Amino acid sequence: TELANKMAIKVPILIKKMISLGITASIDQVLDKSTVKLIAITTGHKVIVRKENQLEESIIHDRNTSSNNILKIRPPVVTIMGHVNHGKTSLLDCIRSTKIASKECGGITQHIGAYHVKIKDNVITFLDTPGHAAFTSMRLRGAKITDIIILVVAIDDGVKPQTIEAIQHSKAANVPIIVAINKIDKLEEGNLNQIKNELSKYDLLSEEWGGENIFVNVSAKKNIGIKNLLDAILLQSEILELKVKANGMAKGIVIESYLNKGKGPIATVLVKEGILNQGDIVVCGIEYGKIRNMRDEDGNTIFTASPSIPVEIIGLSGIPIAGDYFTVVKNEKKAREVALYRQSKFREIKLSRKKRLNLENLFDNINKSDDTQLKLILKVDMQGSLEAISESLYKISTPQVKINIINVGVGSITETDASLAAASNAIILGFNVRADYSAKKVIESENVDLRYYSIIYNLLDDIKLAIDGLLIPKN
Ligand code: GDP
């Protein structure tokens, strides 16, 4: 419809024209650039290419003209991490029960992915999806939502693999850690100093040990030390000076979403800045809509939400993904336009990812194109294996497929390797080395083919088979 309007012709005529060009499309379908160009040219229209992100820019323009900024301190957003069974869920429940003024811990009410707790004049927001998956999936999508991590360590179990993983996540995301030594009621079964000692190996040091991390002893079961923990969070948050724009059109992040049979898509969002109002029109990832209803974590209808306050919103066109950003825009037409544009972009990206080269589809690609190069990035553990493998790889080259090692090195696979592979359609081979965290992020999002080997023979064999089109897919 939009294209027909722009070309000043009737929709059915345009569709007819498209059919004659072999393009089938529905009325509100978003067309890609080359299709539009083809139609325009064949109908004698001139093509003026708009700047790619003009739509997105117009949103920013709207926002900037909306109001004068009022800066205010917003509540901190906290995520609880730690090893399994160390008491993350119990601690969350315990903190939540301080909210419902119960002396006992437990007794969960509604789950919307986050809740906030009032402590005198202060507020703390907790993401109530314990564990690391939610945190990493947000990070993978480039969303930074957590201000403070509570690292739970059970005194009777000490530092464990997921404790270390949590520390690594927080470091990579540059989020400060408060250490909560839990199950302090079992003090006789553990050794506080030993835990502190182990944590110090990961640069987590309490103030009395000359460090900057706040340590709090708690018992989620016996409700001991919870107030100290909350005070510690407020102290840490003061240090962080979390000032944001507290007026004007809101923007924020989706933390959870699902489909409700009666109400349609429901998303829990956290406002990052501005004020979100019922009736606002939002673009949310590739979805959009007018907020018909907003509810707080207790299920009460609310009409406004300020920064860091979790709310459920109803009225979106589809289910957004955790980590998606939402932005309030001025009118529904613009929201729809941006969402549809993003959807078409999204499809393009998905398509191009599918097409990315991997060892299994190498052979098909060779047959189809003149590009007879197999580009490789090789990372190994020792200089010696580097030479041995590169030499053997070059020997496998055939007249049909020339092997081109575009980068080699000793050490783990880094983000640079991953980006290089994505940009040049190369395959990464890791020999006795692994990809680091930021590399994995790129590899996953860009769908790069990464393979690990520890035996040279297996590595060479896979490449040989791939060249011959005989490699059986991994999964
Ligand atoms: P999560 O896997 O980290 O979420 O751990 P949970 O919260 O599910 O707790 C694991 C187990 O430890 C449960 O059986 C809890 O009852 C117990 N637990 C949690 N906190 C404490 C505590 O402070 N003291 C004691 N003794 N047990 C606790």
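Structural remarks
- Segment 375-441: Cα Rg divided by the 2.2 N^0.38 Å rule of thumb: 1.09
- Expressed as a fraction of 2.2 N^0.38 Å, the C-alpha radius of gyration for segment 157-300 is 1.40.
- 10 Å binning of all Cα-Cα separations within segment 223-337, expressed as whole percents from 0 upward: 14, 42, 27, 13, 3, 0
- Using every pair of distinct Cα positions in segment 220-279, the Kirkwood expression returns a hydrodynamic radius of 14.8 angstrom.
- Neighbour-count ranking [beta-carbon atoms within 10 angstrom, fewest first] of Arg434, Arg96: Arg434, Arg96
Throughout, read-outs are computed from the coordinates displayed, never taken from laboratory work. Source: prediction; values computed, not measured. Here the Cβ is made from the backbone with ideal geometry for all residues, glycine too, and neighbour counts use every protein chain on show.
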